[in-house]
Amino acid sequence: MYEKFARDYEKAITDNIYNGHLERPSLFAMLPELAGKSVLDLGCGPGLYAEYLINQGATVTAIDASREMVEIVKEKLGDNVRTYTQDLSRGLPAEKEATYDVIICPLTVHYIEDVGLLFGDVKRLLKQGGEFIFSTHHPMVDFEVSPSGNYFQKELITEEWDTVGHPVEVSFYRRSLTEWFESLAAADLCVTHLSEGKPSERMKSVCAESYKKLSTTPNFIFFKCEVR
Ligand SMILES: C[S@@+](CC[C@H](N)C(=O)[O-])C[C@H]1O[C@@H](n2cnc3c(N)ncnc32)[C@H](O)[C@@H]1O
């Protein structure tokens, strides 16, 4: 989806219900003041977050495994962003320690089987007092499609999503809430704020039915962490 259909994905998530009216506004609400800050955007996709961060006055590095996504970010943001491809499951070997005030990773960690190396590098790259903010699927939502029926067992799930207007197979890892906290704690990252997301007010007029559903049922989960 993120390589072959990168451009369709960009179009699809720019103003859709789940990304545009739920995920991004919920994560934006957890961000600190960004003017003059150095921010690392992990799993940057087509750069909607990077664009927002730059507009808030941040200096941004945006990284993604997909060459096509990085190409879109370059086309869109040019010299305003430092961007390159990197598989985050291999960590962030090109980045120097204590470089960033804020590291974000929206909707990407569930594509990584073992987040140990990545979370360790997040800790290494954060300046003192820096914050790591990421979002992922809500564990209870993914548990509904668990092949094993064992909530506590990490497992690979494959589904067909219609995000880009036709079915595309997507695979991701489902983990328990306990496992997320344990992985963060192992990297000395301490959760300071947890959110289960909140639809934007505008969603009400765009789609009242979705607003009702997403105001009463969790879909994503958001973590804000600091180095312990
Ligand atoms: C759901 S999209 C989210 C994009 C962006 N963060 C946003 O919210 O608009 C997930 C992104 O993670 C990237 N991704 C998936 N696995 C990755 C990996 N192992 N390393 C780096 N990026 C990865 C995909 O290429 C895709 O751009």
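The values are calculated or read from the model by the stated rules, or taken from the named source; none is laboratory data. Please read all numbers here as calculations on a predicted model, not as lab measurements. Glycine gets a Cβ as well: all are built from the backbone with ideal geometry, and neighbour counts include every protein chain shown. Note: areas computed on protein heavy atoms with side chains; ligands, DNA, RNA excluded. Shrake-Rupley method; radii C 1.70, N 1.55, O 1.52, S 1.80 Å.
Below, the figures for the structure above:
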| item | result |
| --- | --- |
| Subset of region 145-165 [open to solvent by less than 80 Å² (accessible area, probe 1.4 Å) and in contact (Cβ under 8 Å) with a residue 12 or more places away in the chain] | Val145, Ser146, Tyr151, Lys154, Glu155, Ile157, Thr158, Glu159, Trp161, Thr163, Val164, Gly165 |
| Selection count where residues are open to solvent by less than 60 Å² (accessible area, probe 1.4 Å), over 27 Å from Leu125 (Cβ atoms) and either of a type outside the set (Ser, Thr, Tyr) or touching a Leu at 6+ places or on another chain (Cβ under 8 Å) (or both), scope region 201-228 | 5 |
| Qualifying residue in region 85-99 (condition: part of a helix (DSSP H, G or I), within 10 Å of the ligand (Cβ to nearest atom) and of a type in the set (Val, Ile, Thr)) | no |
| Filter result for the condition that a residue is within 28 Å of Phe181 (Cβ to Cβ), open to solvent by 20 Å² or more (accessible area, probe 1.4 Å) and touching a residue at least 24 places away in the same chain (Cβ under 8 Å), over Leu118, Leu107, Leu92 | Leu107 |
| Given (1) in contact (Cβ under 8 Å) with a residue 40 or more places away in the chain; (2) among the hydrophobic types (A, V, I, L, M, F, W, C); (3) farther than 15 Å from Asp101 by Cβ, number of the condition Ala62 does not satisfy | (1) |
| Enumeration of residues in region 190-228 that are in contact with a strand residue (DSSP E or B) (Cβ under 9 Å, 6 or more places away or on another chain) and among the basic types (Lys, Arg) | Lys224, Arg228 |
| Subset of region 166-200 [assigned to a strand (DSSP E or B), over 30 Å from Phe5 (Cα atoms) and open to solvent by 60 Å² or more (accessible area, probe 1.4 Å)] | Thr192, His193, Leu194 |
| Residue in region 1-21 that is most open to solvent (accessible area, probe 1.4 Å), counting only those that are part of a helix (DSSP H, G or I) and within 11 Å of the ligand (Cβ to nearest atom) | Tyr18 |
| Identity of the residue in region 22-45, among the hydrophobic types (A, V, I, L, M, F, W, C) and assigned to a helix (DSSP H, G or I), that ends up most open to solvent (accessible area, probe 1.4 Å) | Phe28 |
| Leading residue by the ranking (nearest to the ligand (Cβ to nearest atom)) among those in region 46-70 that are within 13 Å of Asp87 (Cα to Cα) and part of a strand (DSSP E or B) | Asp64 |
| Filter result for the condition that a residue is modelled with pLDDT of 95 or more and open to solvent by less than 10 Å² (accessible area, probe 1.4 Å), over Leu48, Leu77, Leu53 | Leu53 |
| Within region 201-228, tally of residues that are closer than 30 Å to Asp15 by Cβ and in a loop (DSSP other than H, G, I, E, B) | 4 |
| Tally of residues being more than 11 Å from the ligand (Cβ to nearest atom) and either modelled with pLDDT under 95 or under 15 Å from the mean Cα position of the chain (by Cα) (or both) across region 29-45 | 5 |
